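The values are calculated or read from the model by the stated rules, or taken from the named source; none is laboratory data. Everything quoted here is computed from the prediction, not taken from an experiment. With ideal geometry, Cβ positions are generated from the backbone for all residues, glycine too; neighbour counts draw on all protein chains shown. For the accessible areas, the whole protein counts, side chains as well, though only heavy atoms, and no ligand, DNA or RNA atoms are used. Shrake-Rupley method; radii C 1.70, N 1.55, O 1.52, S 1.80 Å.
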Amino acid sequence: MALTQHDIDREVTELQDAYDKARAGGAPAAHHPPRDYAPYRSSALRHPKQPLVAVHGDPETVELSGPAFGTTDVTALDNDLTKQHHGEPLGERITVSGRLLDGRGRPVRGQLVEVWQANASGRYAHQRDDHPAPLDPNFTGVGRVLTGDDGSYSFTTIKPGAYPWRNHANAWRPAHIHFSLFGDAFTQRLVTQMYFPNDPLFPYDPILRSVTDESARQRLIATYDHDLSQPEFSLGYRWDIVLDGPSATWIEEGR
């Protein structure tokens, strides 16, 4: 029998209660959930089960197995997901902007920020996505940009739709955009997700609810910014990403 939302809610509540009890006893806040968070079923299959292996020798040799990025590789259209094809994509056009910061609030400049997302119908342009929703020939849902001297980034895109997933019966993911951040090397890559305010699916999503610290969970939700909205063009959302420290953005570790 497939797991129901009630089953997931019970598991999440038990884990949240255990976290709250530990915090009340003086345990520090946990910014990242356990890698084998049970209500998020596939994490049990995907998280590392063996200790990390230290790689010795020439560090440049290690980098040969990863992609190489340069400033000339990022074009002016890479951060505008609505202009990468011949026609206009369908959906609500949005602007997502923010800053990449370190734990002391200092800007992190010249870093590669990549995004990928579902289209307005909640479907990814990926061969493994068989959700019975229409694909958009004018939207592939991927973009990238380098942060400016002030750590700023900006994307123009389409607000993604919710989509079903097979974690449990009647499971739906809230609208979100995946963010990938690269440091000075490919091995420094960090991945996280940005959500939109007031989504009714928040209480039903075990991935978002796996972030048991409430303040850390709220930092994953963008803020609507009317000044960032462009007249007759797009709605604006602002979302800063903090790499470390007590205000760090949740990162998908080992997933």
Checklist entry - Out of (1) farther than 24 Å from Arg144 by Cβ; (2) not in a helix (DSSP H, G or I), the odd one out for Pro203 is which? => result (2)
Next on the checklist: Looking only at residues that are among the acidic types (Asp, Glu) and farther than 14 Å from Gly98 by Cα in the range 221-255, which one is least open to solvent (accessible area, probe 1.4 Å)?
Outcome noted: Glu252
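So, in the range 132-142, how many residues would count as being crowded, with 22+ Cβ neighbours inside 10 Å and touching a Phe, Trp or Tyr at 6+ places or on another chain (Cβ under 8 Å)?
Step one: filter the range 132-142 for residues crowded, with 22+ Cβ neighbours inside 10 Å, giving 139, 141.
Those left that are additionally touching a Phe, Trp or Tyr at 6+ places or on another chain (Cβ under 8 Å): 141.
Residues that pass the stated criteria total 1.
In the range 1-51, what residues are among the charged types (D, E, K, R) and under 22 Å from the mean Cα position of the chain (by Cα)?
Of all residues in the range 1-51, those among the charged types (D, E, K, R) come to 7, 9-11, 14, 17, 20-21, 23, 35-36, 41, 46, 49.
Of everything in the range 1-51, those that are among the charged types (D, E, K, R) and under 22 Å from the mean Cα position of the chain (by Cα) turn out to be Arg35, Asp36, Arg41, Arg46.
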Checklist entry - Which is over 28 Å from Gly105 (Cα atoms), within 14 Å of the chain's Cα centre (by Cα) and open to solvent by less than 10 Å² (accessible area, probe 1.4 Å), of Pro206, Pro174? => result Pro174
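Listed here are the residues, each with its yes/no results for (1) farther than 23 Å from Ala216 by Cα; (2) open to solvent by 40 Å² or more (accessible area, probe 1.4 Å).
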{"position": "His85", "(1), (2)": "yes, yes"}
{"position": "Leu90", "(1), (2)": "yes, yes"}
{"position": "Ile94", "(1), (2)": "yes, no"}
{"position": "Gly98", "(1), (2)": "no, no"}
{"position": "Val108", "(1), (2)": "no, no"}
{"position": "Val115", "(1), (2)": "no, no"}
{"position": "Ala118", "(1), (2)": "yes, no"}
{"position": "Ser121", "(1), (2)": "yes, yes"}
{"position": "Ala125", "(1), (2)": "yes, yes"}
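Somewhere in the range 59-79, is a residue out of contact with any Asp or Glu (no Cβ under 6 Å at 6 or more places or on another chain) and at pLDDT 90 or above?
Step one: of the range 59-79, the residues out of contact with any Asp or Glu (no Cβ under 6 Å at 6 or more places or on another chain) are 59-79.
With at pLDDT 90 or above added as a condition, the list becomes 78-79.
Within the range 59-79, one or more residues are out of contact with any Asp or Glu (no Cβ under 6 Å at 6 or more places or on another chain) and at pLDDT 90 or above.
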